[in-house]
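This report concerns only the one structure given below.
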Amino acid sequence: MSNKILLVEDSEFFRAALKSALEVNNYEVLEAPNGKVARELIPTISPDLIISDIQMPHFNGVELLKWTKEKYPTKFMLMTGFSHITETKNAFELGADEFIAKPFDEQDLVDKINALLKTNSPEDDIEPEQVEKVKYCKVSLEDFVS
């Protein structure tokens, strides 16, 4: 089962390029050209992650972030070509899970998405001291040599 990503970007060219890159990495990608359309889609598609541009007409990315976090427990990544410190700080205070500044490397984006959407492996539920016991077993030197 692939993770469902809602990509909210007003540049049709950039949105198409991102969609292709994410689909190559086995993500199911749905698109919205602005925050207003995204707001209509979110309740019906229940995305695992929303990646939204900040600077958009008709309900920008920060407004969409605030609206989403008030209503849905969805992971949210903001992207922008205008990487202002105060904007980023405000976005994190509103609940952004990740932030990426344009232009960005495709692998950097995929790494951030993977980190946000990582599912717990059975090892994640084990105390760190216990991981060593699970990964390795003790063998006496005599048994090992023989």
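The values are calculated or read from the model by the stated rules, or taken from the named source; none is laboratory data. The structure displayed is predicted, hence computed values, not measured ones. All Cβ positions, even for glycine, are placed from backbone atoms using ideal geometry, and neighbour counts span all protein chains on display. The protein model used for the area step is the full one, side chains on, heavy atoms only, and it has no ligands, DNA or RNA in it. Shrake-Rupley method; radii C 1.70, N 1.55, O 1.52, S 1.80 Å.
Assess whether ASP48 counts as being in contact (Cβ under 8 Å) with a residue 60 or more places away in the chain and closer than 18 Å to PHE99 by Cα. Here the answer is yes, as ASP48 does meet what is asked. Against the criterion of being in a helix (DSSP H, G or I), among the hydrophobic types (A, V, I, L, M, F, W, C), in contact (Cβ under 8 Å) with a residue 24 or more places away in the chain and open to solvent by 40 Å² or more (accessible area, probe 1.4 Å), LEU65 does not qualify.
In a residue-by-residue description of the range 68-87, the property of being part of a helix (DSSP H, G or I), surrounded by 17 or more Cβ atoms within 10 Å (Cβ to Cβ) and modelled with pLDDT of 95 or more applies to at least one position.
So for the range 91-104 (the condition being surrounded by fewer than 18 Cβ atoms within 10 Å (Cβ to Cβ), assigned to a helix (DSSP H, G or I) and of a type in the set (A, V, I, L, M)), does at least one residue qualify? So far as the range 91-104 goes, no, none of its residues is surrounded by fewer than 18 Cβ atoms within 10 Å (Cβ to Cβ), assigned to a helix (DSSP H, G or I) and of a type in the set (A, V, I, L, M). Among the residues of the range 116-130, at least one is modelled with pLDDT of 90 or more and under 22 Å from the mean Cα position of the chain (by Cα). For the range 16-30, the condition holds for no residue, the condition being that it is more than 15 Å from the chain's Cα centre (by Cα) and surrounded by 17 or more Cβ atoms within 10 Å (Cβ to Cβ).
Taking the conditions exactly as written (part of a strand (DSSP E or B), closer than 19 Å to LEU116 by Cα and touching a strand residue (DSSP E or B) at 6+ places or on another chain (Cβ under 6 Å)), does LEU30 satisfy them or not? Yes.
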